[in-house]
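Enquirer: Mind having a look at this structure? Questions to follow.
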Amino acid sequence: MSNSNGMFHGVDARITVVSTLIIAAFVGFCAVMGEQAGAIFGELSTSILQNFKWFYLAMASGVLVYLLYLMTSRYGNVTLGKDGEKPEFSTISWLSMLFSAGMGIGLLFWSVAEPMWHYAGNPFSATALSAESAQTAMRVTYFHWGMHAWALYLMPALCLAYFSFRKGKPLSIRSTLTPLFGEARMNGWLGAIFDILIVVVTAFGIATSFGLGVEQLATGIKTLTGIEMGIGMKMLLILGISLVAIMSVVSGVDRGIKLLSLWNMGLSLVILAAVMAFGPTRYILNTILEGTSDYAQSVIGMSLWSDTQNDAGWQNWWTAFYWAWWLTWAPFVGTFIARISRGRTIRQLVMGSLVIPVLFSFVWIGTFGGAALSYEKDERVAHQEQVQSQALTGEAANFAGGSILVATKADATHSLFTLFDKIEQSSGMSIGGLLGALASLLIVTYFVTSADSGTLVVSTLAARGSLHPPAASRVAWGLMVGAIAAGLLWSGGLKSVQTATICAALPIGVILVLMAMALHRTLLAEPAVSLQISTADDLRASAS
């Protein structure tokens, strides 16, 4: 239970102390062992992906099908709160926070980098750097950032929101598993173990993303200004972003996090419109339509394709890896989505998470990835030898004649800024530097949004699901996440912890299956009157 006094006032001492000790031990191990730790976790993650790829593929597809069933069934009318309760946030604010927490910075970079990688070669195209591989590159990228990713976020979000706001339980993982294991076990050490696992994985997930993101931001600053950022400057970046994130999370969801998310969405739309207007507009629009159609036609087949005849190949390090990575973020993003979804129905939550953010992602990927492919197709012959080389260095990208694909293979963080240079060259407008500056600003604010929402989630879980964890706890966890990122970046242990975090996806996947089972068992007992709210009322509420 939460302590009512002393240094652990308002938080669960077991969760806080054990989580902190595990985090400290893990960071210390990775810092001391260095590359050896990376090798250990690399072998473990490779073994898990190879032996449990079937589980990731089946589980992600099963979760998606179940959520679509809930959305279209009578259970979609169930309110995530008391019957008649209204949504806490407007639809625009809600969707902005959904997207900022769920995709944000990752989509900003990989919308260019991933299509480039698949264009250079993928198992679905006979010839690399061809029209066929360009079309396939968009289809595969859409698939990896489509409904499956959001389904993995949505499953814990739905369970947490249902049991917390409708059943009056704390907003914690243990609450969602009570129907299976009982109150006594969930209030004891078994429940604490579930919450500790999620706290540790969330803290490491945010910290590693934070550290890797600072590296990406450093690349942007170097591209724009020519200034090489040393480790000291990177530490200052982490400190500054951490302090802003702490101020945001202390101010609460309704102020700091909501306002930052609205800012992120607005600036994202400005950059999106600029790329569409000054880039190869016709090619972009055709790519969006064709990519969406290809996704709709191939999503079932790709969902269950396990690359059986090449068991240790492409699928392990793309689709299976993506599903594992989304799983490590699922408890964090799911808890945050649940926190902002009170008063919505199951149908609204599923539609809001599976339809609108996915369509926006498709437009974004089609715009940025499509623009990059258009430029690269014109340079295919000139850069074919360099593109197919697997031994490129960061310096090699500088002599590649501005190829986005060569820059991506040298260092994926260069891809976005190289695209902006291409847009400037092709349009004749001095817009590349401005787009790079706006994107760098957006990177910072997306980091702040991820860090503050992640800190809110960790402090909520440490307080056993309290919707209003103590401010001191939020500050402490915000500082800890920043310290983890700084320590790992300084010691070179960032990649090791990122790889280790992927290993945690397997137990999290099992927990998601158990959560779905517990949710369905409880939904079967819902009063009939709660299942008969009209669709018209449902639509009016979603528009509020």
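Enquirer: Pull out all pairs, ordered by first then second residue, where Cβ-Cβ is under 7 Å, the residues are six or more apart or on different chains, the first lies in region 422-440 and is in contact (Cβ under 8 Å) with a residue 60 or more places away in the chain and at positive phi, and the second is in a helix (DSSP H, G or I) and surrounded by fewer than 21 Cβ atoms within 10 Å (Cβ to Cβ).
Expert: No pair meets every condition.
Enquirer: The conditions are (1) of a type outside the set (G, A, S); (2) crowded, with 23+ Cβ neighbours inside 10 Å; (3) in contact with a Leu (Cβ under 8 Å, 6 or more places away or on another chain); (4) closer than 28 Å to M276 by Cβ, and V350 fails exactly one of them. Which is it?
Expert: Checking V350 against (1) of a type outside the set (G, A, S); (2) crowded, with 23+ Cβ neighbours inside 10 Å; (3) in contact with a Leu (Cβ under 8 Å, 6 or more places away or on another chain); (4) closer than 28 Å to M276 by Cβ, the one that fails is (4).
Enquirer: Sticking with this structure for a sec: Name, by its number, the condition in (1) closer than 24 Å to G146 by Cα; (2) in a helix (DSSP H, G or I); (3) modelled with pLDDT of 90 or more that does not hold for G352.
Expert: (3)
Enquirer: Could you look through region 169-188, keep only residues that are surrounded by fewer than 22 Cβ atoms within 10 Å (Cβ to Cβ) and among the aliphatic types (A, V, I, L, M), and pick out the one that is farthest from G465 (Cα to Cα)?
Expert: If we take residues in region 169-188 being surrounded by fewer than 22 Cβ atoms within 10 Å (Cβ to Cβ) and among the aliphatic types (A, V, I, L, M), then L180 is farthest from G465 (Cα to Cα).
Enquirer: Could I ask something else about it? Looking at region 303-346, which of its residues are surrounded by fewer than 24 Cβ atoms within 10 Å (Cβ to Cβ) and of a type in the set (D, E, K, R)?
Expert: Answer for region 303-346, where residues must be surrounded by fewer than 24 Cβ atoms within 10 Å (Cβ to Cβ) and of a type in the set (D, E, K, R): D307, D311, R342.
Enquirer: May I ask you to say which residue of T176, T223 is within 26 Å of the chain's Cα centre (by Cα), modelled with pLDDT of 80 or more and polar (S, T, N, Q)?
Expert: The unique qualifying residue is T176.
Enquirer: Would you mind finding the one in A151, A137 that is touching a His at 6+ places or on another chain (Cβ under 7 Å), assigned to a helix (DSSP H, G or I) and crowded, with 21+ Cβ neighbours inside 10 Å? So that I can check it myself, show each step before the final result.
Expert: Numbers: A151 fails: touching a His at 6+ places or on another chain (Cβ under 7 Å).
Only one candidate qualifies: A137.
Enquirer: When you go through K222, K234, K258 one by one, which is the residue that is surrounded by fewer than 18 Cβ atoms within 10 Å (Cβ to Cβ) and basic (K, R)?
Expert: Working: K234 fails: surrounded by fewer than 18 Cβ atoms within 10 Å (Cβ to Cβ); K258 fails: surrounded by fewer than 18 Cβ atoms within 10 Å (Cβ to Cβ).
Residue meeting the stated conditions: K222.
Enquirer: What is the residue count in region 267-283 for residues that are crowded, with 16+ Cβ neighbours inside 10 Å, within 25 Å of the chain's Cα centre (by Cα) and of a type in the set (G, A, S)?
Expert: 2
Enquirer: Additional query: Mind checking which residues of region 311-349 are of a type outside the set (S, T, N, Q), farther than 25 Å from V199 by Cα and not in a loop (DSSP other than H, G, I, E, B)? Explain how you work it out, then say what you get.
Expert: Initially, region 311-349 is screened for residues of a type outside the set (S, T, N, Q), giving 311-314, 317-318, 320-327, 329-334, 336-340, 342-344, 346-347, 349.
This time we only want the ones that are farther than 25 Å from V199 by Cα, so: 311-314, 317-318, 343-344, 346-347.
Scanning region 311-349 gives W314, W317, I346, R347.
Enquirer: Going by the structure shown, is A113 part of a helix (DSSP H, G or I), touching a residue at least 60 places away in the same chain (Cβ under 8 Å) and either closer than 20 Å to W326 by Cα or in contact with a strand residue (DSSP E or B) (Cβ under 9 Å, 6 or more places away or on another chain) (or both)?
Expert: Against the criterion (part of a helix (DSSP H, G or I), touching a residue at least 60 places away in the same chain (Cβ under 8 Å) and either closer than 20 Å to W326 by Cα or in contact with a strand residue (DSSP E or B) (Cβ under 9 Å, 6 or more places away or on another chain) (or both)), A113 qualifies.
Enquirer: Here is a follow-up. Any chance region 98-108 includes a residue that's modelled with pLDDT under 90, assigned to a helix (DSSP H, G or I) and within 16 Å of R344 (Cα to Cα)?
Expert: Applying the first criterion (modelled with pLDDT under 90) to region 98-108 yields 98-108.
Add one more test, that the residue is assigned to a helix (DSSP H, G or I), and what stays is 98-102, 105-108.
Pick out the ones that are also within 16 Å of R344 (Cα to Cα) and you get 98.
Yes - at least one qualifying residue is present in region 98-108.
Enquirer: Residues in region 49-85 that are assigned to a helix (DSSP H, G or I) and among the charged types (D, E, K, R): how many? Please lay out each step first, then the result.
Expert: Residues of region 49-85 assigned to a helix (DSSP H, G or I): 49-72, 74-77.
With among the charged types (D, E, K, R) added as a condition, the list becomes 53, 74.
Count: 2.
Enquirer: Let me ask something else about it. Test Y295 against the stated conditions and say whether it is touching a helix residue (DSSP H, G or I) at 6+ places or on another chain (Cβ under 6 Å) and either in a loop (DSSP other than H, G, I, E, B) or surrounded by fewer than 18 Cβ atoms within 10 Å (Cβ to Cβ) (or both).
Expert: Considered against the rule, which asks whether it is touching a helix residue (DSSP H, G or I) at 6+ places or on another chain (Cβ under 6 Å) and either in a loop (DSSP other than H, G, I, E, B) or surrounded by fewer than 18 Cβ atoms within 10 Å (Cβ to Cβ) (or both), Y295 comes out as no.
Enquirer: So, L285, is that one modelled with pLDDT of 80 or more and either closer than 24 Å to W477 by Cα or basic (K, R) (or both) or not?
Expert: Considered against the rule, which asks whether it is modelled with pLDDT of 80 or more and either closer than 24 Å to W477 by Cα or basic (K, R) (or both), L285 comes out as no.
Enquirer: Filtering region 307-323 down to residues that are out of contact with any Phe, Trp or Tyr (no Cβ under 6 Å at 6 or more places or on another chain) and among the small types (G, A, S), which residue is modelled with the lowest pLDDT?
Expert: That would be A312.
Enquirer: Take residues that are polar (S, T, N, Q) and surrounded by fewer than 24 Cβ atoms within 10 Å (Cβ to Cβ) and tell me which of the helices (runs of 4 or more DSSP H) falling wholly in region 408-513 contain 3 or more.
Expert: Where helices (runs of 4 or more DSSP H) fall fully within region 408-513 and carry at least 3 residues being polar (S, T, N, Q) and surrounded by fewer than 24 Cβ atoms within 10 Å (Cβ to Cβ), they are 415-427.
Enquirer: Could you tell me whether any residue of region 6-28 is within 25 Å of A483 (Cβ to Cβ), charged (D, E, K, R), out of contact with any His (no Cβ under 8 Å at 6 or more places or on another chain) and modelled with pLDDT of 80 or more?
Expert: Taking every residue of region 6-28 in turn, at least one turns out to be within 25 Å of A483 (Cβ to Cβ), charged (D, E, K, R), out of contact with any His (no Cβ under 8 Å at 6 or more places or on another chain) and modelled with pLDDT of 80 or more.
The values are calculated or read from the model by the stated rules, or taken from the named source; none is laboratory data. None of the values given here were measured: they were computed from a predicted structure. Cβ coordinates were reconstructed from backbone atoms using ideal geometry, including for glycine residues, and neighbour counts include every protein chain displayed.
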